[in-house]
Amino acid sequence: MSDKPVRVRFAPSPTGSLHIGGVRTALFNWLFARQQKGAFILRIEDTDKKRYAEGAVEEIINGLRWLGLDWDEGPEVGGDKGPYFQSQRLELYREWAEWLVANDKAYRCYATPEELAEAEEQAKKRGLRWTGYDRRHRYLSEEERQRLHEERNGVHVIRFKMPIDGQTRVHDLIRGEIVFDNKELNDLVLLKSDGYPTYHLANVVDDHFMEISHIMRGEEWIPTAPIHWQLYNAFGWEMPLILHLPVILNPNGKGKMSKRYKLPEGTDKFVPVLLSEYMEAGYLPEALVNFLTNVGWAFGDDREIFTVEEAIEHFDIMRINPAGSAFPYQKLEWMNGVYIRKLSPEELTERLKPFLERAGLKYDEQKLAFITPYIQERLKTLSEVVDITRFLWVEEFVPAPVEELIPKKLDAEQTKKILQAVYDTLDALPSFDWPTQEAALRQLAEDLGLKAGQLFNPIRVATTAQRVAPPLFQSMEALGKEETLRRIKLAIDALDSYLNKRD
RNA sequence: GCCCCAUUCGUCUAGUGGCCUAGGACGCAGCCCUCUCAAGGCUGAAACACGGGUUCGAGUCCCGUAUGGGGCACCA
């Protein structure tokens, strides 16, 4: 591969929270760095003043930390190849752009974006194919150049002098050789008129001076690979080894994963795309990391659930699958459930708290700790704790509609009698712990000649008013005797007035 | 439109010329367990895009076609 020490980087642009595809890119770079005992570098590519989002850098940093992807050099940790914000390296880019101009590998272009847009429109109108910038200022004479410089008050961009003929070959570690005809390549802008570099310049200069050994980036960058190759060549620098990660597509395999994609099952639910959305939905970082490691790469021995340490040990960039993949969202839900079930009840309780708080529910610590083991295997995400335990924390209990109280094959009258019997049974209980309840109520079912479900379901509806709830007896114990009886009484009364109304 | 990349069950994938009667996982279906919902157990349906080569032999190598995806900014 290369005898140089492994140094890889993740270079996000601070335009908002990380896209899940970006997270995967960061993860693969990190995995590779850790596996090779190399360095993982975080670099902020903030060279677009228009798209800069306030707070985005912090969000990216928090997100990576949350995932456990620590960096050896970058914001907040420093490093001797810094600064790690491109906006603080402007002089470097300018210097090297000028170097290219001085060495006849780049030139100043005075055309404005408006003029070029106009030219493109004209070309199209005349049925000509516009293949990008028309190189109008590439072959200027010294006099013309001087005249334009004065005319435009020195405002210009620096463009790269792309070779006109021949081909550029780039070797992608997992895709092999990719060949481009140079005539397809443009004289792209290196330095913008505001003095900021474009991605191409900044990226090449930084990767070189930060001594990056491997570039691992998204597939959408493949078309820029020959451009970058030419830039390294012009500078006389060695290009790092390069590899393009497959894109992550929407769950149906159509198009790059986007916020607009609705989950087929729930019509109003959109698939989460930003890392912040996964955090808020209650996915565990360890589950997300495990899951993402399985998209585009596989452990190799049929193992799907594994620790990061195991992933680091087995990770191999040469075994990355080059084909784009649909985002296997349901698999993530399953895996998150697996990780939730692996947690100790105490740990789970702690992780659940922020979600209840954010939902504005005033939960009781002890009740939460008590009920956690019973909801643990029911949760796919942490945020689901809100709906499944809501009945325990609501200030004002709203009973379920009467119809839902009545079990199949029974009528309102019978249900009312049953609930009355339940009320009396529970009321007479010496202790309200759930095993005592269960014993008494199972006996009651037998005495009444009812199946367990016929007896228990109306009680659940009466006491929780929820479709889905933790096991009944544990729910009632958590609720407490007083509140449980109150709710059952509420149901009896409701059935009563329902019966009277019908008569 | 042009350039580039990719193509194994619905989906994520294993597979690097004979071990493939194509393996695993999610999802799906059925059964069991069961107080709702889950979790768990068992069983099942389900794929090498197509056409040509190369080879004794191709899911695996090559070429086309088709399909999907990505890119064509003074954005990254």
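The values are calculated or read from the model by the stated rules, or taken from the named source; none is laboratory data. Note that this is a predicted model, so its numbers are computed, not measured. Note: ideal-geometry Cβ built from the backbone for every residue, glycine included; neighbour counts use all protein chains shown. Side chains are part of the model used for accessible areas, which takes the heavy atoms of the whole protein and leaves out ligands, DNA and RNA. Shrake-Rupley method; radii C 1.70, N 1.55, O 1.52, S 1.80 Å.
Residue-wise test of (1) over 15 Å from the mean Cα position of the chain (by Cα); (2) closer than 15 Å to A:Leu292 by Cβ.
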position	(1), (2)
A:Phe28	no, yes
A:Gln35	yes, no
A:Phe40	yes, no
A:Glu45	yes, no
A:Ala53	yes, no
A:Ala56	no, no
A:Ile60	no, no
A:Leu64	no, yes
A:Gly68	no, yes
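Evaluating A:Arg126 against the criteria (1) exposed (fewer than 12 other Cβ atoms within 10 Å of the Cβ); (2) near RNA strand B (Cβ under 10 Å from one of its atoms) leaves one unmet condition, (2).
The set of residues from segment A:324-346 being open to solvent by less than 80 Å² (accessible area, probe 1.4 Å) and part of a helix (DSSP H, G or I) comprises A:Tyr329, A:Leu332, A:Glu333, A:Met335, A:Asn336, A:Gly337, A:Val338, A:Tyr339, A:Ile340, A:Pro345. Among residues of segment A:188-205 that are touching a residue at least 60 places away in the same chain (Cβ under 8 Å), those with a Cβ under 7 angstrom from a residue that is among the basic types (Lys, Arg) and within 6 Å of RNA strand B (Cβ to nearest atom), sequence gap 6+ or separate chain, pair up as A:Thr198/A:Lys192. The residues in segment A:1-14 that are outside any strand (DSSP E or B), buried (at least 16 other Cβ atoms within 10 Å of the Cβ) and within 16 Å of RNA strand B (Cβ to nearest atom) can be counted, and the count is 4. Search segment A:288-299 for residues that are touching a residue at least 40 places away in the same chain (Cβ under 8 Å) and pair each with any residue that is among the small types (Gly, Ala, Ser) and more than 6 Å from RNA strand B (Cβ to nearest atom) when their beta-carbon atoms are under 9 Å apart and the residues are at least 6 apart or on different chains. That search, which allows pairs on different chains as well, returns A:Val289/A:Gly68; A:Val289/A:Ala311; A:Asn290/A:Ala311; A:Thr293/A:Ala311; A:Trp297/A:Ala311. Among the residues of segment A:31-48, those that are touching a residue at least 40 places away in the same chain (Cβ under 8 Å) and either open to solvent by 10 Å² or more (accessible area, probe 1.4 Å) or of a type in the set (A, V, I, L, M) (or both) comprise A:Leu31, A:Arg34, A:Gln35, A:Gly38, A:Ile41, A:Leu42, A:Ile44, A:Glu45, A:Asp46, A:Thr47, A:Asp48. Condition test on A:Asp134, is it farther than 22 Å from A:Leu92 by Cβ, acidic (Asp, Glu) and near RNA strand B (Cβ under 9 Å from one of its atoms)? It is false that A:Asp134 is farther than 22 Å from A:Leu92 by Cβ, acidic (Asp, Glu) and near RNA strand B (Cβ under 9 Å from one of its atoms).
Filtering segment A:151-202 to residues that are in contact with a Lys or Arg (Cβ under 6 Å, 6 or more places away or on another chain) and surrounded by fewer than 17 Cβ atoms within 10 Å (Cβ to Cβ) leaves A:Glu177, A:Val179.
Residue-by-condition table, conditions (1) away from RNA strand B (no atom under 14 Å from the Cβ); (2) open to solvent by less than 10 Å² (accessible area, probe 1.4 Å); (3) over 24 Å from A:Asn29 (Cβ atoms):
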| site | (1), (2), (3) |
| --- | --- |
| A:Tyr261 | no, no, yes |
| A:Leu288 | no, yes, no |
| A:Ile305 | no, no, no |
| A:Glu309 | yes, no, no |
| A:Met318 | no, no, no |
| A:Gly360 | yes, no, yes |
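Taking (1) more than 44 Å from the chain's Cα centre (by Cα); (2) surrounded by fewer than 20 Cβ atoms within 10 Å (Cβ to Cβ); (3) of a type in the set (A, V, I, L, M, F, W, C) in turn, A:Val468 satisfies each apart from (1). Restricting segment A:95-123 to residues that are under 12 Å from A:Tyr133 (Cα atoms), in a helix (DSSP H, G or I) and small (Gly, Ala, Ser) leaves a set whose member that is most open to solvent (accessible area, probe 1.4 Å) is A:Ala117.
To keep it simple, each residue is scored yes or no on (1) over 17 Å from A:Leu69 (Cβ atoms); (2) polar (S, T, N, Q); (3) under 14 Å from the mean Cα position of the chain (by Cα).
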residue: A:Gly253; (1), (2), (3): yes, no, no
residue: A:Lys262; (1), (2), (3): yes, no, no
residue: A:Ala287; (1), (2), (3): no, no, yes
residue: A:Ala298; (1), (2), (3): yes, no, no
residue: A:Ile317; (1), (2), (3): no, no, no
residue: A:Gly324; (1), (2), (3): yes, no, no
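Looking across segment A:430-444, the residues that are more than 9 Å from RNA strand B (Cβ to nearest atom) and surrounded by 15 or more Cβ atoms within 10 Å (Cβ to Cβ) come down to A:Phe432, A:Thr436, A:Gln437, A:Ala440, A:Leu441, A:Leu444. Exactly one residue out of A:Leu69, A:Leu64 is outside any loop (DSSP other than H, G, I, E, B), open to solvent by less than 20 Å² (accessible area, probe 1.4 Å), in contact with a helix residue (DSSP H, G or I) (Cβ under 9 Å, 6 or more places away or on another chain) and more than 24 Å from A:His200 (Cα to Cα), and it is A:Leu64. Taken over segment A:481-503, the residue count meeting the criterion of being farther than 18 Å from A:Glu396 by Cα and of a type in the set (Ser, Thr, Tyr) is 2.
Would you say A:His200 is more than 26 Å from A:Trp99 (Cβ to Cβ) and under 33 Å from the mean Cα position of the chain (by Cα)? So A:His200 does not fit the description; no.
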